[in-house]
Amino acid sequence: MTLDWLIIGGGIHGVHIAARLLDEAGVSREQLRIVDPGPRLLDRWRSCTETTGMTHLRSPSVHHLGTDHGALRRFAGKRKNRMPRRFVPPFERPSIGLFNEHCDQIEKKLGLAELHIRDRAVRCSTGCDDVAVELAGGEELRTRHLVLAMGCSDQPYRPAWASVDAARIQHVFEPGFNDWPTSPETVMVVGGGISAAHVVLRLLAEDHEVHHVSRHPIRQHQFDSDPGWLGVTYASRFIRTDDLEERRAMITEARHKGSVPPDLNRALRRALSRNQLQWHEGEVAELDTQHDGLRITLENGTELSVDRVLLATGFKTDRPGGTMIDELIESASLPCAQCGYPIVDSALRWHPQIHVTGPLAELELGPVSRNIAGARWAGDRIVDAVRCHSSNRTTAG
């Protein structure tokens, strides 16, 4: 059987695109599948947010995985056991618990769990009218339309000094990470962004001694890019820019990497003023593994003795998809910009049978492409393309 739609990636983007195709584009459940190696959809999202101890989203309540903007607010109003602090100011940011419950409702309503193929896609090849997708387990799927919805969650960034062989140095976003300190320890957290801030605050709440090491001072921004990018003015200027290198520069400049929202900034500074947290600005110069811990020397000469290091240094900026996408680009002669990312049309088509979302769509959608708002924008583009195609077929018939 050849599917109509196959989505590679069961994270925020893959689940939202599936919901939009089923709920708005008239795609049959029997003709859609989601390939993701996780035990359940959104598994990486849940594990990463749980590990960091995040309590509320950075984005507002209108950014969720449902089909219309007010769905999360209505869902919250119907909960029999009203959650405390379901939304917090500013911008009515939802709690992680509420957001995840809403995701559960969407999955259940649309039966997405039954459409989940628990495997990893390892090879894609294009044909005349379809795409063949080979899975790690040996099965081959064929589909008329493929959506590449892979993120960067399997590419955690490790500084050069943080050897992957050092058992006491772990990245909190490493797939399968579950070695959180259970008894009081001295922990060094490395990273200057929102994930590092959450990890620090969770460790402090659990009575660990914490050294927070960042290459730069605390940077405060409410969102990870200027909210103007969610409006017409910035987006229109971006689309009018034909030079893809210039678009890449605009994306880089717009992103507030390594920043925290005001509430986390206040929490960190409060911990610093109370001498609960030790802050170090600089790079690690030397690492010495000892039998009972680690000795860290910073570039300014500061020496730290810690039990372990937790890296909260985000993800690599490499194009996601690894070898599978490299081979697909070569075999199907797919166009890429100088930065290596896809050149797609306004419907996010990289090929007549292949759509992209998330990081792979950022040269078309701009700096919001990777987040929840970007998933919703991608859903708009793809659903519009499906409706247009259906309308043209009906007219032709």
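In the elastic network of the chain, a GNM with C-alpha springs shorter than 10 Å, the most mobile of 196, 361, 347 is 347. Annotation: the antiparallel percentage among DSSP beta bridges lying fully within the stretch 69-210 is about 85. The stretch 202-245 and the stretch 143-178 have Cα centres separated by 20 Å. Amide H contacts of residue 256: 225, each under 5 Å away and 5 or more positions distant or on a separate chain (H built 1.01 Å from N in the peptide plane; Pro and chain starts excluded).
At a 10 Å Cβ-Cβ cut-off, how would you order 5, 279, fewest neighbours first? Don't skip to the end; give the middle numbers.
Details: 5 24, 279 16.
Ranking 5, 279 by Cβ neighbours within 10 Å, fewest first, gives 279, 5.
Phi-derived couplings, Karplus 6.51 cos²θ - 1.76 cosθ + 1.60 at θ = phi - 60°, listed residue by residue for the stretch 322-335: x, 4, 4, 6, 4, 5, 5, 4, 5, 6, 9, 6, 7, x Hz, with x used for Gly and Pro.
One Cα centroid belongs to the stretch 262-309, the other to the stretch 353-392; the line between them spans 41 Å. How much of the DSSP beta bridge set in the chain is antiparallel, as a percent to the nearest 5? DSSP beta bridges in the chain are roughly 45 percent antiparallel. Across the chain, how many lysine pairs, 8 or more positions apart or on different chains, have C-alpha atoms separated by under 30 Å? Please give the number. Lysine pairs meeting the criterion: 5.
Residues in the stretch 9-17 carry Karplus couplings, in order, of x, x, x, 3, 6, x, 5, 5, 4 Hz; the curve used is 6.51 cos²θ - 1.76 cosθ + 1.60 with θ = phi - 60°, and Gly or Pro positions show x.
Placing a label point 7 Å from the Cα of residue 120 along the Cα-to-Cβ direction, the residues of the stretch 154-170 with a backbone N closer than 14 Å are 154-156.
Extending 7 Å from Cα along the Cβ direction at residue 29 and again at residue 248 yields two label points whose distance is 4.4 nm.
Would you compute, from DSSP H runs of 4+ residues alone, the mean residue ellipticity of the chain at 222 nm, taking -39500 (n - 2.57) per run and dividing by the full residue count, rounded to the nearest 500?
Values: 11 runs with 129 residues, N = 397.
Mean residue ellipticity, 222 nm, calculated: -10000 deg cm²/dmol.
Amide hydrogen proximity for residue 56: with H placed 1.01 Å from N in the peptide plane, the residues at 5 or more positions away or on another chain lying under 5 Å are 96. Amide H contacts under 5 Å for residue 123: 134, restricted to partners 5 or more places along the chain or on a different chain, H placed in the peptide plane at 1.01 Å from N.
Extension gain, residue 237 to residue 347, is 37.8 nm, computed as 0.36 nm per intervening residue step minus the present C-alpha separation.
Would you please give the FRET efficiency between residue 108 and residue 68, computed as 1/(1 + (r/R0)^6) with r the Cβ-Cβ distance and R0 = 25 Å, to the nearest 0.05? Mind showing how you got there, number by number?
Values: r = 18 Å, r/R0 = 0.71.
E(calc), rounded to 0.05, equals 0.90.
Annotation note: trypsin sites (Lys or Arg not before Pro) in the stretch 50-116 located in DSSP loop regions with a Cβ neighbour count of at most 12 within 10 Å are 79, 80, 82, 85. A Förster radius of 30 Å, combined with the Cβ-Cβ distance separating residue 326 from residue 392, puts the computed FRET efficiency at roughly 0.35. Each residue of the stretch 305-317 was assigned a 3J(HN,Hα) from its phi angle through the Karplus expression (A = 6.51, B = -1.76, C = 1.60, θ = phi - 60°), giving 10, 10, 7, 7, 10, 10, 8, 10, 9, x, 10, 5, 8 Hz with x at Gly and Pro.
Laboratory data are not the source of any read-out in this text; all were calculated from the coordinates shown. Bear in mind the structure is a predicted one, so any value in this text is a computation, not a measurement. Every residue, glycine as well, gets a Cβ built from its backbone with ideal geometry; the counts of neighbours run over all protein chains shown.
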